[in-house]
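A short worksheet on the structure shown next.
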Amino acid sequence: MSASPLDRALIVAALSVFAAVPLVVSDIVYLHIFILIFYFAFLASAWSLVALAGQLSLGHSAFLGIGAYTSTLLFMELGVTPWFGMLAGALLATAVGVVVGWPAFRLRGPYFALTTIAFTEILRIYVENTETGPFGLPLRAAMGLLIPLRGEAPAIFQFEGKVPYYYVGLAMMCLAVLVSHSMNRMRIGYYLAAIRGDRDAAESLGINITTYNLIAMAISCFLTALGGTFYAQYFRYVNPTRLLGVDLAIEIALVGLIGGWQTVLGPVIGSILLSPTSEIIRGQLGGTYAGLHLFLYGLVMMLVILFLPKGLHDPLMALLARIEAGLGLTTRGRPAEAPGAPEPAPPAPLSPIRARAATSAPLLEIRGLAKRFGGLVAVNDFDLTVADGEILGLIGPNGAGKTTVFNMAACYFQPDAGQIAFAGKSLIGLRPDQACALGIGRTFQVTKPFPESTVLANVMVGAFCRVRSTREARRVALEALDTVEFAHRRDVLGHELTVAERKRVEVARALATGPRLLLLDEPIAGLNATEKAHLLGLLREVRDRRGLAIILVEHDMKAVMSLCERVALMHRGEKLLEGAPAEVARDPRAIAAYLGEDYAAA
Amino acid sequence: MIETLAQSLVTGLLLGGFYGAIAIGLSLIFGIVRVVNFAHGSLLMAAMYASYWLWALLGVNPYLSIPIVGPLFFVLGYAVQNVLIRPMFVRERALVIEPLGVLLLMAGFDLVLSNLALLFFRADYRGATVTFGSGTFPFFFMDLSIPRTLVFVLAFVMTGGLAWLLKRTELGTAIRSVGQNREAAALCGVNVYRVYNVTFGLGTAVLAIAGAAIVPFYYVNPAMGPPLAIKSFMAVVLGGLGSVPGALVGGLVLGVVESVAAQFVPATAAAIFSFVLFAVVLLTRPRGLMGTLDV
């Protein structure tokens with residue numbers, strides 16, 4: 001949703017109010033509450049970057065602790081100012097985060113969450129039991145570190161009043177929001193949404209999942225550690241039980257979840273609601289009713305997850321939009337419905353046709369390919385070549401091994417034997433994203449749209465394979481959507497599409513990566529006769545204009561016969577025969593194995 | 001030296017039986033319902049309070065409270081699944097899948113339960129002193145605690161009982177079929193949501209039985225849940241997610257590692273060993289030692 005002038009006005013107003021608060025409010029209790037709001041909003045924003053990659057970290061306090069201990073020890077041992085120690089701690093936390101994240105990101109869901117908890121617990125138990133750490137560092141075990149008070153000393157990040165901490169906290173919150181805002185609009189934002197949406201599809205579009213997960217992790221750890229130094233300087237006490245505790249990590253995650261971690265302002269909203277509530281309950285009723293604030297936290301969390309699974313941000317924004325509409329200030333809705341929405345620039349002419357290779361070397365060359373799953377031989381001694389610009393039909397009964405061949409050509413499976421070369425380069429040992437980068441695009445038999453992204457964003461993920469800027473990606477994506485005549489539905493969400501529509505989006509997504517070879521797995525299944533004819537026509541046109549090669553797996557013989565220039569028939573993992581469509585259709589072996597007598601008679 | 005080592009091994013096995021006893025319920029629920037029950041620790045705490053108050057107010061021996069606490073927590077578990085978790089499954093089927101939603105829901109439930117206990121029962125540590133089933137008995141050259149040995153035996157009995165139930169009864173067949181493929185089981189006429197309810201009830205009941213049996217030697221307090229829940233997760237992951245006997249094996253491994261490591265380093269630092277072991281297994285062999293589920 002693009003920001004309307006009123007949104008911008010609201011953000012500016014909120015910032016001005018925040019900036020002016022210390023001029024009006026001098027009660028340190030209230031200032032403290034504001035500082036906590038900024039602090040938790042900052043931490044939850046930083047935490048949400050890992051959540052954007054679809055992973056739940058319940059151990060972020062580890063990075064908070066690393067930041068606090070690093071800057072404090074540097075200050076106490078070497079007299080280094082915490083302003084610098086802050087950066088050192090952040091870099092150390094980033095390094096640790098990447099080292100821990102690298103193996104942990106292979107795990108998903110609860111496994112990842114449990115690993116982060118385990119890591120944090122290891123660190124906490126270690127610090128709580130270590131008086132003198134490596135290099136003689138005085139960790140002072142469970143006692144923690146007390147930062148010597150030097151009075152008003154801005155050079156070493158110490159202030160007497162709360163106001164300077166207030167502005168530092170505000171600046172940090174703005175920093176985190178800005179980082180998250182810009183990430184969302186850049187390639188990495190689209191990529192993380194894709195990884196969250198469907199990992200296989202993300203890889204097919206050239207995304208190296210590990211790299212992008214680790215970038216998100218690195219930025220998140222860096223920011224979190226900055227928060228650790230802030231905590232240390234504000235409270236002048238580094239306490240391992242609190243700072244490295246899982247409780248704190250869960251509190252941070254809660255703020256993000258309740259506010260809405262998928263949105264830029266969600267963590268801020270979560271913090272504005274939760275931080276004062278918990279501080280007031282803890283302060284006012286903590287003595288008589290210990291546990292009340294966490295009881296309420298738990299209750300709110302359950303209610304939010306049950307009734308507002310995406311957090312409070314979206315419903316609040318919808319409410320705001322209705323108020324604005326009621327006041328007649330703006331007419332907002334989903335951009336597709338909004339009249340006068342800025343028309344995207346007319347798609348530039350299609351990318352220049354790649355000169356067809358004059359050489360006779362095939363584009364894709366498969367030799368002696370074999371794949372076994374346990375005792376099942378899925379593909380055996382399979383040969384196939386495809387020339388530039390050729391449309392080849394790969395047919396055969398269910399279970400013949402067609403999709404397995406696709407999965408090996410797109411590097412999802414490694415073959416047990418045989419060679420696959422694409423444009424003269426061997427594909428053996430490559431990852432799917434590398435295959436995509438070389439120019440192999442694919443669609444999936446069971447479609448894999450990114451469910452929470454719009455059609456346009458889905459296709460833009462593909463476009464980012466060859467362009468960097470969001471504007472360029474948008475242009476390429478619209479061009480690809482135009483090719484499959486689907487640009488009018490660009491603002492629909494992935495999970496709202498019908499099966500036939502998903503197939504078309506997948507074709508557009510693959511086209512946007514600028515492939516030289518397109519692997520289409522049953523692209524017209526589920527379409528009616530008119531739609532089928534239409535999509536087939538579009539595919540042929542794409543081939544003619546862009547000169548790409550297509551391998552089509554399809555059971556609709558009419559489609560195969562009309563579109564393909566050559567047909568290969570697979571049976572029980574092997575290639576039974578290959579030739580012009582008409583020849584294959586007449587061949588008795590094809591009739592016996594797949595087509596059937598009815599087809600031959602027809 | 002050998003004697004000390006043998007002693008720590010036996011102590012470790014008893015400790016492992018304790019971990020295993022509280023982990024098998026978690027494993028059953030994870031294997032079938034595929035929910036990581038973050039409220040596991042607080043449900044254990046609640047069961048222990050129930051058993052404790054039956055002793056403190058009515059004088060019921062904790063072992064004799066098992067026939068009361070077990071069914072009571074079956075009903076509680078059934079209700080938690082039916083009221084809290086089922087709506088999530090219904091929504092998940094209809095809309096976007098939020099695998100972390102249930103996990104967080106249960107984390108919220110955990111906060112609610114443990115802080116309710118704190119509000120009502122205060123942070124005091126409470127223990128039951130019983131005459132029947134207390135004390136020690138001689139075992140070779142050492143003296144073993146009777147209640148800890150009873151929990152060790154109970155862990156094996158419950159594991160065997162669950163295995164029998166899953167393998168030999170019609171209910172067990174339904175439960176296993178749902179665990180393997182929810183849609184296919186539904187198509188075969190199994191009421192999946194009812195099976196989930198019953199499984200969650202069973203897992204909670206088994207946990208509650210273990211809870212009652214540890215009351216004689218383990219102090220109850222509102223904050224006891226999370227540390228024991230983490231131990232249970234570790235036992236389940238070590239043994240293999242989805243395998244009930246695996247949870248017991250994982251618990252035993254954990255107990256022995258902690259107990260033997262404590263011979264060489266301070267006991268608190270020994271906990272690091274179990275976490276490191278856990279992290280290594282999770283990262284190198286996420287299926288665990290006996291697991292059947294893919295990650």
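The listed residues are B:T136, B:T129, and the only one of them that is under 21 Å from B:L57 (Cα atoms) and either of a type in the set (K, R) or more than 8 Å from every other protein chain (Cβ to nearest Cβ) (or both) turns out to be B:T129.
Yes/no matrix, rows are residues, columns are (1) more than 9 Å from every other protein chain (Cβ to nearest Cβ); (2) assigned to a loop (DSSP other than H, G, I, E, B); (3) in contact with a strand residue (DSSP E or B) (Cβ under 7 Å, 6 or more places away or on another chain):
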| site | (1), (2), (3) |
| --- | --- |
| B:A229 | yes, no, no |
| B:I272 | no, no, no |
| B:F275 | no, no, no |
| B:A279 | no, no, no |
| B:G288 | yes, yes, no |
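Considering only residues that are under 13 Å from the mean Cα position of the chain (by Cα) and modelled with pLDDT under 90, look in segment B:207-227 and name the one that is nearest to the other protein chains (Cβ to nearest Cβ). Among those that are under 13 Å from the mean Cα position of the chain (by Cα) and modelled with pLDDT under 90, it is B:P226.
Matching residues to (1) within 14 Å of chain B (Cβ to nearest Cβ); (2) under 21 Å from A:H32 (Cβ atoms); (3) surrounded by fewer than 24 Cβ atoms within 10 Å (Cβ to Cβ); (4) within 32 Å of the chain's Cα centre (by Cα):
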site: A:C221; (1), (2), (3), (4): no, no, no, yes
site: A:A225; (1), (2), (3), (4): no, no, no, yes
site: A:I252; (1), (2), (3), (4): yes, yes, no, yes
site: A:G270; (1), (2), (3), (4): yes, yes, no, yes
site: A:K310; (1), (2), (3), (4): yes, no, yes, yes
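Residues in segment A:432-489 that are polar (S, T, N, Q), part of a loop (DSSP other than H, G, I, E, B) and under 19 Å from A:G189 (Cα atoms): 2 in all.
Among what's in segment B:257-270 and is within 11 Å of another protein chain (Cβ to nearest Cβ) and outside any helix (DSSP H, G or I), pick the residue that is surrounded by the fewest Cβ atoms within 10 Å (Cβ to Cβ).
Ranking the candidates gives B:P266 first.
Quick one: would you say A:H534 is part of a helix (DSSP H, G or I) and either modelled with pLDDT of 85 or more or at negative phi (or both)? It is true that A:H534 is part of a helix (DSSP H, G or I) and either modelled with pLDDT of 85 or more or at negative phi (or both).
Counting only residues that are without any contact (Cβ under 8 Å) to a residue 24 or more places away in the chain and of a type in the set (G, A, S), segment A:181-215 holds 1 of them. Quick check on my filter: what residues within segment A:96-126 are more than 10 Å from every other protein chain (Cβ to nearest Cβ), surrounded by fewer than 21 Cβ atoms within 10 Å (Cβ to Cβ) and either outside any helix (DSSP H, G or I) or free of Cβ contacts under 8 Å to residues at least 24 places away in the same chain (or both)? Answer for segment A:96-126, where residues must be more than 10 Å from every other protein chain (Cβ to nearest Cβ), surrounded by fewer than 21 Cβ atoms within 10 Å (Cβ to Cβ) and either outside any helix (DSSP H, G or I) or free of Cβ contacts under 8 Å to residues at least 24 places away in the same chain (or both): just A:V99.
Listed by position, the helices (runs of 4 or more DSSP H) enclosed by segment A:183-238 that each have at least 2 residues that are assigned by TED's automatic domain parsing to the domain that holds A:L139 and in contact with a Gly (Cβ under 8 Å, 6 or more places away or on another chain) are A:187-197, A:209-235. A:A41: surrounded by 21 or more Cβ atoms within 10 Å (Cβ to Cβ), under 26 Å from the mean Cα position of the chain (by Cα) and either outside the structural domain of A:F105 (by TED's automatic domain parsing) or in contact (Cβ under 8 Å) with a residue 12 or more places away in the chain (or both), yes or no? Yes. Among (1) touching a Lys or Arg at 6+ places or on another chain (Cβ under 8 Å); (2) surrounded by fewer than 24 Cβ atoms within 10 Å (Cβ to Cβ), which single condition is B:W55 missing? It fails just one condition, (1).
The values are calculated or read from the model by the stated rules, or taken from the named source; none is laboratory data. Predicted model only: the values in this text are computed from it and were never measured. Backbone-built Cβ (ideal geometry, glycine too); neighbour counts: all protein chains shown.
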